[in-house]
Amino acid sequence: MADDLLVIIPTRGRPQAVPEIVQAWDATSATADVLFAVDTDDPELAAYKKHAADLKPDPRVRFTFGKRRRLCGTLNQQAIKAAKSYRFLAFLGDDHRPRPADRPWDERFRECLSGGPGIVYGNDLLQGENMPTAVAMTSDIVRTLGYMCPPSLVHLCVDLCWLDWGRGMKRITYLPDVVVEHLHPAAQKAEMDAGYEEANSSEQVSSDSAAYYEYRDGGGLEADLEKLRKLVASAE
């Protein structure tokens, strides 16, 4: 494949996150490509477009502007496209920030994934090992399943699915010393805004929770794990 690692960041209403994330890339010596996926109906669209113009000379950074599909829909759309050319794919929220360490975080992710199909995640300083709120995986997982998130999900619980996939494949690695900090209101590291209110509303919690349990217990997860186990076996 021509390219290596792409980090997809669906973002809405937080254009200030763009320069902060680029600064985090610089501070950590990251070389991974980053794609900011922005909705064309975003109230802050003009600010995002200005960042896109200002960052155009940076070969690592790209923007895409499209119809709103919510987090999982946007991530799936971009991951399916990118899986054709990138060896590894990652997701960060626009409220995640990689932190400096002895070695670049993206280098550690590549190292863990270079042995074949698998998933890796670092320490978000909120959920830690319990939940991969930011994640990287080999792109053959996306090509095999046809998505990076079960399509029934909108925003929440996708990290539980990634954990299920990795454990079911027996190909998941947690790196406690690789910090990708989650600046979330639950950790008192961000103010509640419209995006958090929508994503964490009681209606969204109920809807995504129900969709996750149906996927986990209704046969969807087992069907996906059968495909992923065959993928692992074929790579060994």
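Please treat every number below as a calculation from the coordinates, not as lab data. Since the model is a prediction, treat every value here as computed from it, not as a measurement. Backbone-built Cβ (ideal geometry, glycine too); neighbour counts: all protein chains shown.
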Item to check | Candidate set: region 96-147, residues that are among the small types (Gly, Ala, Ser) and surrounded by fewer than 19 Cβ atoms within 10 Å (Cβ to Cβ); chosen: the one nearest to Thr31 (Cα to Cα) | outcome: Ala101
Item to check | In region 77-88, the residues that are basic (Lys, Arg) and in a strand (DSSP E or B) | outcome: Arg87
Checklist entry - Has region 216-227 got at least one residue that is surrounded by fewer than 19 Cβ atoms within 10 Å (Cβ to Cβ), of a type in the set (D, E, K, R) and in a loop (DSSP other than H, G, I, E, B)? => result no
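Results for (1) in contact (Cβ under 8 Å) with a residue 12 or more places away in the chain; (2) touching a helix residue (DSSP H, G or I) at 6+ places or on another chain (Cβ under 9 Å); (3) in a loop (DSSP other than H, G, I, E, B); (4) among the hydroxyl-bearing types (Ser, Thr, Tyr), shown as yes or no for each residue.
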{"site": "Ile21", "(1), (2), (3), (4)": "yes, no, no, no"}
{"site": "Ala24", "(1), (2), (3), (4)": "yes, no, no, no"}
{"site": "Thr31", "(1), (2), (3), (4)": "yes, yes, yes, yes"}
{"site": "Ala47", "(1), (2), (3), (4)": "yes, yes, no, no"}
{"site": "Ala52", "(1), (2), (3), (4)": "yes, yes, no, no"}
{"site": "Lys56", "(1), (2), (3), (4)": "no, no, yes, no"}
{"site": "Arg62", "(1), (2), (3), (4)": "yes, yes, no, no"}
{"site": "Arg97", "(1), (2), (3), (4)": "yes, yes, no, no"}
Checklist entry - Among the residues of region 20-36, is any farther than 26 Å from Val142 by Cβ, surrounded by fewer than 18 Cβ atoms within 10 Å (Cβ to Cβ) and within 18 Å of the chain's Cα centre (by Cα)? => result yes
Item to check | Residue that is nearest to Val158 (Cα to Cα) [pool: residues in region 64-74 that are in contact with a helix residue (DSSP H, G or I) (Cβ under 8 Å, 6 or more places away or on another chain) and in contact (Cβ under 8 Å) with a residue 60 or more places away in the chain] | outcome: Cys72
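Condition check ((1) over 22 Å from His184 (Cβ atoms); (2) of a type in the set (Val, Ile, Thr); (3) over 14 Å from the mean Cα position of the chain (by Cα); (4) outside any strand (DSSP E or B)) across all residues:
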| residue | (1), (2), (3), (4) |
| --- | --- |
| Leu75 | no, no, no, yes |
| Pro100 | no, no, yes, yes |
| Leu125 | no, no, yes, yes |
| Asp140 | yes, no, yes, yes |
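In region 44-52, is there at least one residue being in contact with a strand residue (DSSP E or B) (Cβ under 6 Å, 6 or more places away or on another chain) and more than 24 Å from Gly195 (Cα to Cα)?
The answer is no; no qualifying residue exists.
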Item to check | Condition met for Ala47 (within 18 Å of Phe91 (Cα to Cα), touching a Pro at 6+ places or on another chain (Cβ under 6 Å) and surrounded by fewer than 22 Cβ atoms within 10 Å (Cβ to Cβ)) | outcome: no
